[in-house]
Amino acid sequence: MSLDRIVIVGASLAGLRAAEELRARGHEGVITVVGDEPHRPYDRPPLSKQVLTGAKPPESTTLAVAAGSIDDLGLEWRLGESATGLDLPDRAVLLGGGERLAFDGLVIATGATPRRLPGTDHLEGVHTLRSLDDSIAIRAALAAGPRRVVVVGAGFIGAEVAASTRSLGIEVSLIEALAVPLERSLGPEMGAVVADLHRDHGVDVHLGVGVVLIEGSDRVERIRLSDGSVLEVDLVVVGIGVSPNTEWLEGSGLTLDNGIVCDATCLAAPGVVAAGDVARWPNERFDEVMRVEHWDNAIEMGEHAARTLLGDATPYTPVPWFWSDQYDRKIQLAGLASPDDIVEVVSGRLEDRRFVAFYGRAGRIVGVLGMNQPAKVMRWRSLVETGASWSDALAVAAATD
Amino acid sequence: MRIVVDYDLCESNALCMTAAPEVFEVRDDDFLYVLQDEPSEELRAKVEEAVRRCPKQAIVIEG
Ligand SMILES: Cc1cc2nc3c(=O)[nH]c(=O)nc-3n(C[C@H](O)[C@H](O)[C@H](O)COP(=O)(O)OP(=O)(O)OC[C@H]3O[C@@H](n4cnc5c(N)ncnc54)[C@H](O)[C@@H]3O)c2cc1C
Ligand code: SF4
C-alpha cells in the first residue's frame with residue numbers, strides 16, 4: 001500500500017509526535033494536520049500549573065520539535081477546522097465545511113474533553129480546564145480577585161488547580177465525592193497523603209461529599225453540598241474526568257468503547273491508527289486493555305502508531321509514566337496503580353512526603369509511586385519493566401535504597 | 001552535535017535517561033548529569049528522543 005497522503009486528526013501532542021516520527025522514518029508524502037483549535041500544538045501540563053500561577057506566559061507553551069523547527073516538518077496545517085466524520089470505505093475525512101480530505105493513511109489523535117456538571121452551562125464563572133483558552137480564562141478570573149474558588153473533583157487536574165490557586169493566596173475549597181483525592185488513580189492510602197498535603201496548605205478539603213446544586217442567576221453564587229453545607233463562591237473549576245473525543249467517528253465502522261479500540265499495534269482499521277488520550281488498546285505487558293491519559297503516553301504512542309502506519313507494526317507495550325506537581329511536591333508514577341493493589345512504602349516516610357511506594361497485584365510489582373524521589377522512581381521502574389515478582393521487587397528496593 | 005540543558009527548567013524527571021542512558025544520568029542526589037556534551041552522531045536519534053520525552057523541554061541540541 002502506498003502512503004502518499006497521510007491525514008492526522010488532532011493537532012496536539014500525540015498528533016505532532018506522530019508527524020515527527022513519520023518524517024524521521026523518511027515519509028516524504030503529504031501530511032495534513034487537522035485541528036479544531038486555532039493554535040499550533042502546545043503543551044497542556046503547564047496549563048494547570050505555571051500558566052495559572054503566572055510563572056509561565058501562555059504563549060511559551062508552544063511545543064517544539066527535536067530536529068530544528070516545526071516548519072521543517074513540511075506539514076499542511078488545517079487549524080480551526082473540525083473533522084466531523086470518517087468515510088472508511090472511501091478513505092476520506094469529512095471536515096465541518098463540507099470538504100472531504102482523502103487519505104491513504106490516517107492517524108487519529110483527538111484527545112479528550114472534560115465532563116461538565118449538568119445544568120451549569122448557562123452560568124458564568126463555572127470552568128473546566130483542557131485548553132490554552134480555558135487556562136487563560138481561569139487565570140483572568142483568578143486575577144479578578146475571587147473571594148473563594150471551589151474546585152469540584154480532586155483528580156490530578158483538580159488537585160493541581162487547587163494547589164496553583166492556593167499558591168496565589170486565594171481561598172480554595174476542594175470537593176471530592178470519593179473518600180480521598182486521587183482514590184481511583186492511587187488508592188486510599190496514597191490519596192490520604194495528598195489530602196493532608198492540601199490541608200496543610202490551607203485548602204478547605206471536603207471528602208465523600210457530592211455537589212447537589214450550583215446556584216446563581218447569570219453568575220455562579222453558591223454551591224450546595226450533599227452534607228448540607230453551602231459555599232459562597234464566585235469561581236468554580238470542575239475537574240471530574242474526561243471523555244474521549246470519538247463522537248465524530250460514530251457510525252464510521254471503527255469500534256468505539258470508551259475510546260477508539262485498537263489492536264496491540266495501535267491499528268484501528270487497515271491504514272488507520274489511533275494514539276494518545278483517545279485510544280484504547282491491549283497492552284500485552286500487563287495483559288490489560290487500557291486507555292492512558294498521560295503526557296508521556298501521547299508521545300510514545302503517537303510515535304508507535306506512526307511506525308505501525310508505515311508498516312512496522314509491533315505490539316505497543318509501554319510502562320506508563322506520569323507526573324503531577326502540587327506545591328513543592330512532585331508525584332510520579334511508573335506503571336499501574338489501582339485501589340485494589342497492595343501498596344508498600346519501600347523508601348522514605350509518608351509523613352515526610354518524600355517516599356517511594358510499590359504497587360503489587362497477582363504476585364508481581366505493577367507500579368512505582370514516588371513523591372519527590374525522581375531518581376528512585378526511574379531506577380525501580382525497571383522492576384515493572386521486567387515483571388519482577390513482588391518479593392524480588394521488595395528485596396531489590398531494600399538492597400538498593 | 002552539542003547538548004545544552006537548561007538546568008533552571010530541568011526537574012530531574014529522568015525521562016531523558018530512559019531515552020538515552022549513554023548521555024543522560026539522574027543520580028541519587030536527584031540531579032541530572034550530562035555524561036557527554038558532544039555525543040557522536042550515531043546517538044542522534046536517541047538524543048532527539050530524549051529531547052521529545054523531556055516534560056520540561058529543557059534539552060536543546062545545537063548543531
Ligand atoms: C491542564 C492539564 C494538565 C496536565 N498535566 C499533566 C501532567 O502533569 N502529567 C501528565 O502526565 N499528563 C498531564 N496532562 C495530560 C496530557 O496533557 C494529555 O495526556 C495529552 O495532552 C494527550 O495528548 P493527545 O494529543 O492525545 O490529546 P489532546 O492534547 O487532548 O489533543 C487532542 C486535540 O484534538 C483536537 N480535536 C478533538 N476532536 C477533534 C476533531 N473532531 N477535529 C479536529 N480536532 C479535534 C482537540 O481540540 C485537541 O487539540 C494534563 C492535561 C491537562 C489538560
Ligand atoms: S527529562 Fe528533562 S527535566 Fe527530566 S531530567 Fe532530563 S532534562 Fe531534566
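At a Förster radius of 30 Å, what calculated FRET efficiency corresponds to the Cβ-Cβ distance of A:MET290 and A:HIS122, to the nearest 0.05? Write down the numbers at each step before the final one.
Details: r = 36 Å, r/R0 = 1.21.
According to the calculation, E is roughly 0.25.
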Gain upon complete extension [A:ASP392, A:LYS56; 0.36 nm per residue less C-alpha separation]
116.7 nm
Using the C-alpha atoms of the stretch A:301-401, what convex hull volume per residue, in cubic angstrom, is computed?
118
Chain B: angle of helix B:44-53 to the longest principal axis, Cα-based, in degrees nearest 10:
30
For chain B, listing chymotrypsin sites (Phe, Trp or Tyr not before Pro) in a DSSP loop whose Cβ sees at most 13 other Cβ atoms within 10 Å gives B:TYR7, B:PHE31
Can you give me the pair-distance distribution of the stretch A:187-303, C-alpha pairs, 5 Å bins, whole percents?
2, 9, 14, 14, 12, 10, 12, 13, 10, 5, 1
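Semi-axes of the stretch B:2-62's equivalent ellipsoid from the Cα gyration tensor, sqrt of 5 times each eigenvalue, largest first, rounded to whole Å? If you can, show how the numbers build up before the last one.
Numbers: eigenvalues 53, 28, 22 Å².
So the three semi-axes of the stretch B:2-62 are 16, 12, 10 Å.
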Among A:LEU310, A:LEU86, which comes first, second and so on when ranked by fewest other beta-carbon atoms within 10 Å?
A:LEU310, A:LEU86
Given unit charges at Cβ for Lys, Arg (+) and Asp, Glu (-), the dipole magnitude of the stretch A:1-155 about its Cα centre in debye, nearest 20, is 820
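Students often check this: by mean Cβ neighbours within 10 Å, which of A:386-397, A:105-116 ranks highest, and how do the rest follow? Working shown, then result.
Numbers: A:386-397: 16.2, A:105-116: 22.9.
Ranked from most to least packed, the peptides come out as A:105-116, A:386-397.
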Please identify the GluC sites (Glu not before Pro) of the stretch A:1-73 that satisfy two criteria: DSSP loop assignment and at most 14 other Cβ atoms within 10 Å. Which are they?
A:GLU28
Rounded to 0.05, the calculated FRET efficiency for the beta carbons of A:ASP133 and A:ARG224 at R₀ = 35 Å is 0.75
Of every Cα-Cα pair in the protein assembly as shown, the percent that sits beyond 33 Å
38
Among the trypsin sites (Lys or Arg not before Pro) in the stretch A:326-401, which ones are in a DSSP loop with at most 11 other Cβ atoms within 10 Å of the Cβ? Mind listing them?
none
Under 13 Å from B:LYS56, Cα to Cα: aspartates and glutamates that are on another chain or at least 8 residues apart
A:ASP43, A:ASP296, A:ASP325, B:ASP6, B:ASP8, B:GLU11
Could you work out how far apart the two model spin labels at B:ASP30 and A:ASP71 are, taking each label as a point 7 Å from the Cα in the direction of the beta carbon, and quote it in nm?
4.1
log10 of Debye I(q)/I(0), alpha-carbon scatterers only, for the stretch A:116-238 at 0.11, 0.12, 0.16, 0.19 Å⁻¹:
-0.33, -0.39, -0.72, -1.03
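Which value, in debye to the nearest 20, gives the size of the charge dipole of the protein assembly as shown about its Cα centre, when Lys and Arg are +1 and Asp and Glu are -1 at the Cβ?
Value, rounded to 20: 500 debye.
Excluding A:THR62 itself, calculate the net charge of residues whose Cβ lies under 9 Å from the Cβ of A:THR62, where each Lys or Arg counts +1 and each Asp or Glu counts -1. The partial results should precede the final answer.
On the way: positive: A:ARG40; negative: A:ASP43, A:GLU59.
Result for the neighbourhood of A:THR62: -1.
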Rounded to two decimals, the Debye log10 I(q)/I(0) of the stretch A:189-251 (Cα scatterers, no solvent) at q = 0.12, 0.26, 0.29 Å⁻¹ is -0.49, -1.17, -1.25
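Only the coordinates and a few stated rules stand behind these numbers; no lab work does. What you are looking at is a predicted structure, and each value in this text was computed from that prediction instead of being measured. Don't worry about glycine lacking a Cβ; one is built from the backbone with ideal geometry, like all the others, and counts go over all protein chains shown.
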